[in-house]
Amino acid sequence: MIFELAEGYILYFEELESDDNDVWFKFVTELKDNIEKGFYSKKSIQYIPELSRADKYKLKKTFPDIPDVFLDGVTGEEVQMIYIGT
């Protein structure tokens with residue numbers, strides 16, 4: 001969920017250059033790498049990314065080795081999320 005809320009999918013949809021001074025780039029790159037490595041434990045809270053079928057298709061076609069968690073999310077108990085802010 002943090003990856004999606006941080007707009008991490010931009011790493012897949014746009015060609016970005018590494019920028020050592022960009023805090024966002026460092027954050028989402030490290031987050032993506034940790035998710036791919038299975039660094040984070042899975043809990044019982046469900047989160048399904050808000051990707052269209054077309055987005056999933058493009059990701060899978062362009063990045064055939066993309067982990068399923070980026071496409072399908074995590075199943076588990078549904079919880080109500082409340083977003084505060086803009």
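If amide hydrogens are placed 1.01 Å from N in the peptide plane, which non-local residues have theirs closer than 5 Å to the one on Ile45?
Result for Ile45 returns Glu77.
Tell me, which longest segment in the chain has none of the chymotrypsin sites (Phe, Trp or Tyr not before Pro) that fall in DSSP loops with at most 15 further Cβ atoms within 10 Å?
Working: sites that count: Phe39, Tyr40, Tyr83.
By the stated rule (loop sites, at most 15 other Cβ atoms within 10 Å), 41-82.
Which ³J(HN,Hα) values, rounded to whole Hz and listed in residue order, are derived for the stretch 60-69 from phi using the Karplus coefficients 6.51, -1.76 and 1.60 in 6.51 cos²θ - 1.76 cosθ + 1.60 with θ = phi - 60°, glycine and proline given as x?
So the J values, rounded to whole Hz, are 5, 5, 6, 10, x, 9, 4, x, 4, 4.
Show me, for the stretch 33-40, the HN-Hα J-couplings you get by feeding each phi into the Karplus relation (A = 6.51, B = -1.76, C = 1.60, θ = phi - 60°), rounded to Hz, glycine and proline as x.
4, 5, 5, 4, 7, x, 5, 8
State to the nearest 20 debye the size of the charge dipole of the stretch 2-72 about its Cα centre, where the only charges are +1 on K and R beta carbons and -1 on D and E beta carbons.
Approximately 520 debye in magnitude.
Report the longest stretch of the chain that contains none of the trypsin sites (Lys or Arg not before Pro) sitting in a DSSP loop with at most 14 other Cβ atoms within 10 Å.
It works out to 44-86.
Values quoted throughout were computed directly from the atomic coordinates according to the rules given, and no laboratory measurement underlies them. These figures come from a predicted structure and were not determined experimentally. With ideal geometry, Cβ positions are generated from the backbone for all residues, glycine too; neighbour counts draw on all protein chains shown.
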